[in-house]
Amino acid sequence: MKMDSRKMKAELENRLQSDNRKITYDQKNDQLRIESKQSGKGISVELPKIIAKWEVNKEKAIDEVVYYVEEGLLAMDEQTIHEVEKTKIFPVIRSTSTPVVSKEDIPLIFDEHTAETRVYYVLDLGNAYRIIDEALMKKEAWTKEYIREVALFNVRSLKTAMKSDEVAGNIFYFLNTNDGYDASRVLNDSLLKEMNSKITGDMAVAVPHQDVLIVADIQNETGYDILAQMTMSFFASGRVPITALSFLYEDGELEPIFILGKNKSKKPN
């Protein structure tokens, strides 16, 4: 059997054809180009070179080219996902009273967070965002693990500069950029560990509404009273309220607490 460009072109098209790909032939340069429709990127192969290898290695030469193209396109698609989607998927903190299905009765994608909060995931659209549901996840061929991984990566990349205020010997730190993800920064483990390393009293955290994260260095009982009043005030005035309760941060965990007068207690199970 003699191999020529026409036969090699047909063989490669047959082996590499896919609904997610576009294959074109450049007759002038005798090249076949295989592009991913998802990324728009592609790989060009020179048929004469492949034919020369085929003369020596027969089918093995075609197998090697197919493997090279398949792996190359897969890497390009993964790179595109990370370049594009990492700028779009974010986590948002919501109260446990938030619905778990959309208005169309489609289950939303979420994770449990604390006894008071859940983590939902959104596709950022610039001036607004869409909460990711199972229909969108299926349409984009995402997995929940992928959504969670990208969202947490993104929240760790957000600015974390905080303002502070000292009241009655207690220090209160505030993060309020109004980017829609201030409370979401409570999911940034590195940020919480960094804050914990410089806090000398009890570390308390509050996410009263979407657009603020409060971290407190509580040095005395008055500090708990102030934090309770502060959290309630933010909760009442927030555009997207989350919870009026605060949390103790201990051993990397957030435990909801009740603050009543000068007494504090962990929320009972």
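The values are calculated or read from the model by the stated rules, or taken from the named source; none is laboratory data. Only a predicted model underlies this, so the values are computations on that prediction, with no experimental measurement involved. Counting neighbours? That spans all protein chains shown, and the Cβs are built from the backbone with ideal geometry, glycine included. The protein model used for the area step is the full one, side chains on, heavy atoms only, and it has no ligands, DNA or RNA in it. Shrake-Rupley method; radii C 1.70, N 1.55, O 1.52, S 1.80 Å.
Odds and ends about this structure:
- Take the Cα of residue 58, step 7 Å toward its Cβ, do the same at residue 229, and the gap between the two points is 8.8 nm.
- For the chain, the solvent-accessible area works out to 55 Å² per residue, with a probe of 1.4 Å and every protein chain left in place.
- Label assignment, log10 I(q)/I(0) by the Debye sum over Cα atoms at q = 0.09, 0.14 Å⁻¹ derived from the structure, set (1) -0.58, -0.94; (2) -0.43, -1.06; (3) -0.36, -0.94: (1)
- Projecting label points 7 angstrom from Cα along Cα→Cβ for residue 67 and residue 30 puts them 2.6 nm apart.
- The string of couplings for segment 107-120 from the Karplus curve (6.51, -1.76, 1.60, θ = phi - 60°) is x, 8, 8, 8, 10, 5, 10, 10, 5, 10, 9, 10, 10, 9 Hz, one whole number per residue in order, with x for Gly and Pro.
- Potential lengthening of the chain between residue 156 and residue 106 amounts to 15.1 nm, from the contour at 0.36 nm per residue minus the alpha-carbon distance.
- Gain on full stretching of the segment that runs from residue 255 to residue 4 - 0.36 nm per residue minus C-alpha separation: 83.3 nm
- Lysine pair number, Cα distance threshold 20 Å (strictly under), segment 137-269, separation 8 or more or different chains: 4
- With every protein chain in place, the chain: carbon and sulfur % of accessible area (1.4 Å): 49
- For residue 141 and residue 15, a Förster radius of 25 Å and the Cβ-Cβ distance give a FRET efficiency of 0.65, rounded to the nearest 0.05.
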